[in-house]
1. Quick check on the range 217-237. Is at least one of its residues more than 30 Å from Ser106 (Cα to Cα), at pLDDT 95 or above, of a type in the set (Val, Ile, Thr) and over 16 Å from the mean Cα position of the chain (by Cα)?
2. Could you say whether any residue in the range 158-173 is under 19 Å from Tyr111 (Cβ atoms), free of Cβ contacts under 8 Å to residues at least 24 places away in the same chain and out of contact with any strand residue (DSSP E or B) (no Cβ under 9 Å at 6 or more places or on another chain)?
3. Report the residue count in the range 105-131 for those that are loosely packed, with under 15 Cβ neighbours inside 10 Å and under 18 Å from Asn77 (Cα atoms).
4. When the range 35-71 is examined, which residues are found to be touching a Lys or Arg at 6+ places or on another chain (Cβ under 7 Å) and within 15 Å of Ile24 (Cβ to Cβ)?
5. Does the range 95-104 hold any residues that are loosely packed, with under 15 Cβ neighbours inside 10 Å, at pLDDT 95 or above and farther than 15 Å from Glu130 by Cα, and which are they?
6. Filter the range 66-94 down to residues that are within 15 Å of Gly45 (Cα to Cα) and either surrounded by 15 or more Cβ atoms within 10 Å (Cβ to Cβ) or not charged (D, E, K, R) (or both), then give me how many there are.
7. Here is a check on your reading of the model: is Arg158 of a type in the set (Lys, Arg), out of contact with any Pro (no Cβ under 6 Å at 6 or more places or on another chain), over 22 Å from Asn71 (Cα atoms) and exposed (fewer than 14 other Cβ atoms within 10 Å of the Cβ)?
8. Please state which of the following conditions Ala32 fails to meet, knowing it meets all the rest: (1) free of Cβ contacts under 8 Å to residues at least 12 places away in the same chain; (2) surrounded by 13 or more Cβ atoms within 10 Å (Cβ to Cβ).
Amino acid sequence: MAVLSTDLEAASRLAQAGRFAEAISIYRSALAGAPDDAEATHFLGVCLVRSGRRDEGLPLVERSVRLAPVNALYRQNFGLMLAEAGLLVEAEAQFQEILVSQENHSTAHNYLGMVRQRLGRMDEAIASYEEALRLRPGDAAAANNLGYCLLERGELERALPWLRRSVAADGANPMAHSNLGNALRETGDLRGAAECYRRALALAPRFANAHHNLALTLRDLDDPSAALEAAWSAVRCDPRHRAAWQLFAEILQRVHLVLAARLRRRRIAGRVVDVGGRTGGAWHERSKRPAGPLL
């Protein structure tokens, strides 16, 4: 029995709304009547993976690829899930298989670059990103990936134009703003970097690495109180972020030293001075008004 397209459309809408349990129920019902339906098999697997049930979902996505081997979307999703599971060589094979029949598939070139970058094969990754951009010059994701890859290789001058191009093409990508901030920080443009991190955080307030990098930048701009707040935001977003905890402790110690130095200066200024100009041992209470902020 054929699966009704209306059922699959309803399940798709539920999945897009994050209502995976309901979508899964519809896909299972569809497969009960048509166990070899590639679409229902694929998206049931996708829903299971997205709801945290990868062990159940991944074999179904793989089966959908066997049922419809020329469907690039199914193979692409399978490749991405393999990459997320750390199976990078297997993921690379899926993206390469797409390019066997669709050599101008720019998205497959971009994903192939991402996998190769994670495998440490930077020259091949750069070539894949460049091919993706040749096929689709306005691809903001590929521009961001190419810029980041070049930045990782230390090629700052080559990286910056691609990162700027990515942000210009898609200003709603927090990762692109963060990567541009990293590049500007490398050039010494700390204020420009801080602005990029703030833009990233406006789009993704729980982006722990952006909070951390903002804290580093504010520390270097000699703004310890703002840096401390940013570092604390980083550890609140990701309590396992070891570098953020270390930075928080470092800045906190620095703030304490600043406070102690200012407090000592205030106390010295408040001592009683005798006629001979020597500092006396008594503390002089100059005013009953509360002290202003120390920072």
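1. yes
2. Yes, the range 158-173 has at least one match.
3. Number satisfying all stated conditions: 1.
4. Thr41, Leu44
5. Scanning the range 95-104 gives Gln96, Val100, Gln102.
6. Matching residues across the range 66-94 total 13.
7. For Arg158, the condition - of a type in the set (Lys, Arg), out of contact with any Pro (no Cβ under 6 Å at 6 or more places or on another chain), over 22 Å from Asn71 (Cα atoms) and exposed (fewer than 14 other Cβ atoms within 10 Å of the Cβ) - is not met.
8. Ala32 satisfies every listed condition except (2).
The values are calculated or read from the model by the stated rules, or taken from the named source; none is laboratory data. A quick note: this is a predicted structure, and the numbers were derived from the prediction, not measured. Ideal geometry is used to build each Cβ from the backbone, glycine not excepted, and the neighbour counts take in all protein chains shown.
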